[in-house]
Amino acid sequence: MTMQWWRDAVIYQVYPRSFADGDGDGVGDIAGIRARLGHLRDLGVDAIWMSPWYPSPMADAGYDVSDFRDIDPVFGSLSEAEALIAEAHEAGIRIIIDIVPNHISSEHPWFKAALAGGKERDYFWFRKSQNMPTNWTGEFGGTTWTQTPDGDWYLHLFTPEQPDLNWEHPDVRAEFESILRFWFDRGADGIRIDSAALLFKDTTLPEVVDGEPHPFHDLDAVHDVYRSWRRIAEEYEGRALIGEVWMPDVERFTNYLRPDELHAAFNFDFLGCAWDPYLMRSCIDRTLDAHARVGAPPTWVLSNHDVTRHVTRYGRTDTTFSFENNLDGTPVDLELGTRRARAAALLTLSLPGSAYIYQGEELGLWENENIDPDQMQDPMYARRGHTRDGCRVPLPWSGDEPPFDFTTGVPWLPQPAEWKDRTVQAQTGDPNSMLELYRSAIGLRTFTDTDFAWLDRGEGVLAWTRGTDFACVLNLSDAPVPLPEHRDILLASSSLDGDLLPRDTAVWLRL
Ligand code: GLC
């Protein structure tokens, strides 16, 4: 792979709490990841993105960081992290780490010093005010200000345990530049930037008004920060900056991907798109056009640790995803969802750009919608009524019943007993399994050109070529359709109906 590896990589998201547990406390850790690195090597991924592993009170599962230069004891130690980076590199796998610049933990030394009245107070958004300074609604729902015992209010776009940093302050900028270097020096190949569009706020604190500039989404000043981060990344070789940018406006979205800013960003437009031929095709076109204009690689994301797993989404009547439209608990046809998820894998792995796999999607896991409210841990649940716990359930590795060798203890979230045929062990060697489909697809995925063209195969069918001898055909119509002329069928997401491609099925063809 080229030094611009992020342009066409397959990147696997490891959610450390739920990947594999090495010490039996029921929470995944670095020892578990190191022991299971073989799974990722066998899958054939190019890189892994680690969700936060830093010391944290875990008010938001580690997205409330109290020290960016160390590892939480529940996950291991800094030397284990360094060993993991080295072992991954030996296995040919790059490592992306997660940096959370918008906020830190209320237990971070800066915030403690701020509460004690130190100069660090200016690193945050403290306001003196009789009432709450604004009526903003936070990203998890609920209010965004908390009053301290001395009567001042501080801003938090997420939970009160995640005070927002003041990015106008040069010390904040300098600190994060130093954190980037700290991890680049330890071999990190990339940085995933959490909540990348939220860093700046309108200092006059206006209310959110339709049609007016938003007071804390996507303020222009943020681009200057990413330009300086890009310069730092370029002092090293082959390091990528990948933004978590939720942005309905694709023009504003691709501003983050201009040649002197981030290298890539997650395509949430595609993630939220319905399983529908017209909507999907227009989303793909929109994505390709917008990225081409700034010269950035498109990305294809089906799931992550914040959204309902796509086997579940695609098994519902409403197949879209958005935080505003909570579909938790609506009826799901898991067989249909799985069939579509298989087709979606062949789609995302053959479009131009890079593809993200969220741990467990290669096993066909569905959302666990049967977690008791008293076992739920996600702070979003209390504020918004939607829980992200159902997609964060520990992976099933082997055996016939929970905890499926995830741990020798009790998993921090319950696993469905039905996952016994979804374990890595049960699926290995079964040519019809989701795992073997992913392994084959990633193994065959050798597109080096960006030569993409639509192929017209009639209504309801999405088909495209890559180069001169490869095509992917996905049937989203109601009836089976004929295949274009081809030499071989390289891979099919479900069995064919004679010579016909059944609905909700994708094939890879050699032309
Ligand atoms: C991002 C993360 C999410 C977290 C939030 C606050 O959206 O993906 O898990 O809760 O930021 O850090």
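Quick notes on this structure:
- Three-way shape label, the range 452-510, alpha-carbon gyration tensor, a/c 1.5: oblate
- Site pair Thr330 and Ala479 shows an inter-label distance of 2.9 nm when each label is modelled 7 Å from Cα along Cα→Cβ.
- Amide H within-cut-off set for Leu490, under 5 Å, with H built and near neighbours excluded: Trp508, Leu509, Arg510
- Percent of Cα pairs in the range 308-418 per distance bin of 5 Å, from zero to the largest separation: 2, 11, 19, 21, 21, 14, 8, 2, 0.
- Chain lengthening between Thr468 and Ala91 when straightened (0.36 nm per residue, less Cα-Cα): 132.5 nm
- Gain in span if fully extended, Ala174 to Arg487, counting 0.36 nm per residue against the direct Cα distance: 107.0 nm
- Three semi-axes of the equivalent ellipsoid, the range 109-155, Cα gyration tensor, whole Å, largest first: 20, 12, 8
- Average 1/r across all pairs of distinct alpha carbons in the chain, invert it, and you get the Kirkwood radius: 23.7 Å.
- Between Asp456 and Asp202, the contour length at 0.36 nm per residue exceeds the Cα-Cα span by 86.7 nm.
- Net +/- balance of residues flanking Val27 in space, Cβ distance below 12 Å, scoring K and R +1, D and E -1: -3
- Across the range 378-451, Cα-Cα pairs farther apart than 14 Å form 69% of the total.
- Ala35 paired with Arg227, simple spin-label distance in nm, labels 7 Å along Cα-to-beta-carbon: 4.9
- Calculated on the alpha-carbon coordinates, the convex hull of the range 254-297 measures out at 56 cubic angstrom per residue.
- Residues whose placed amide H lies under 5 Å from that of His103, excluding near-sequence neighbours: Leu165
- Cα-projected label distance for Gln375 with Glu251, points at 7 Å along beta-carbon direction, nm: 4.8
Each reported figure results from applying straightforward, stated rules to the coordinates on display, with no laboratory input. Remember, predicted model here, so these are calculated numbers, not experimental data. Neighbour counts are summed over all protein chains in view; Cβ atoms, including those assigned to glycine, are modelled from backbone coordinates with ideal geometry.
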